[in-house]
């Protein structure tokens, strides 16, 4: 197992590889777990990593890309 010092260095070098739990991802994005599950089930959420048969995670990089894909300009918001 990596020492805390080595783990911190890896996290600084590869922050996009850091894994968020499903609940951390929901909290970070201001979503309820039910909404998070609906987004992912419908294919409208970020890519997920199947960590075990009953557990998923989302990398920081995948969350960042997903959020960027949801960004709209002010003009797009006004036309809705």
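The values are calculated or read from the model by the stated rules, or taken from the named source; none is laboratory data. This structure is a prediction, so every number in the text was calculated from the model and none was measured. Note that we place each Cβ from the backbone using ideal geometry, even for glycine, and neighbour counts take in every protein chain shown.
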Quiz prompt | Scope segment 52-80; condition closer than 18 Å to residue 16 by Cβ, outside any helix (DSSP H, G or I) and at pLDDT 95 or above; matching residues | solution = 56, 57, 58, 59
Self-check item: Residue selected from segment 1-38 under the condition loosely packed, with under 13 Cβ neighbours inside 10 Å and at pLDDT 95 or above, by the criterion farthest from residue 52 (Cα to Cα)
Solution: 30
